[in-house]
Structure formats: C-alpha cells, structure tokens
C-alpha cells in the first residue's frame, strides 16, 4: 500500500479528487448519518414510555417474576471512568463534535458528572430525548 495515497470519491456522479473537499464530504456524511435512526421510538423518556416496547414485551413473556417497572441498577463512577477511558480515538467525531481524544484525556474529570447525570436519570425514571 502506498503511503499518502490520494483518495477519490464518486459523489452523486462527480468524482471528487481535492482532498480537502473530500474530507468535507465525509464529515458531512458522518455527521448526519444517524439523524433518521430511531424515529418515534427514540423519543421515549420515562419507564411508562417503555412498557409497550418490543424488548420489554419479550422480557415479560420470558420472565416468570415480571414486574411492571424493571429495576435498573445505578452506575458507578468506576464503570463510567472505564467506559470513558476505553473510547476508541480512531473513530470519527460524533454529533456532539467533541473529539474522542478529549473525552479519553478528561475521563477522570468527566466520570463524576456523567455518573451523577446517569444515576439521576435512573432514580427519577426520566430519560433525555437527545
């Protein structure tokens, strides 16, 4: 494989050779790829919103000791820290436009506020829409 090989991309019938323009096309694509995922089911915000979800119905069918409100264990700062430290820095920046490298570098400082937010959501059975 050649080092620094020039990449070309066919974009709607036009071959893009300029590397800066190519990068912009890829950034636009990956920044919007997840926009349509989830539909209305992505808007669930409380435990009641989940009661008719297919995964909950399946659990209910398979479980003998079903309760209407599934128990969600609180997260620990250690688990949040481990998750933040394991972020893959070779992936593209997400919709929040925060480079994964920054998340990994600041994992220790970010773990406590994230832990607080996650546990608040669990304790109050309220889920953010985004």
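With a simple spin-label model that places each label point 7 Å from the Cα along the Cα-to-Cβ direction, the separation between residue 17 and residue 77 comes to 5.7 nm. For the Cα trace of the stretch 89-130, dividing Rg by the Kirkwood Rh returns an Rg/Rh value of 1.06.
Stretched out straight at 0.36 nm per residue, the stretch from residue 122 to residue 92 would grow longer than its current Cα-Cα span by 7.9 nm.
Where a number appears in this text, it was derived from the coordinates with a stated rule and is not lab data. Values in this document were obtained by computation on a predicted structure and should not be read as measured data. Ideal geometry is used to build each Cβ from the backbone, glycine not excepted, and the neighbour counts take in all protein chains shown.
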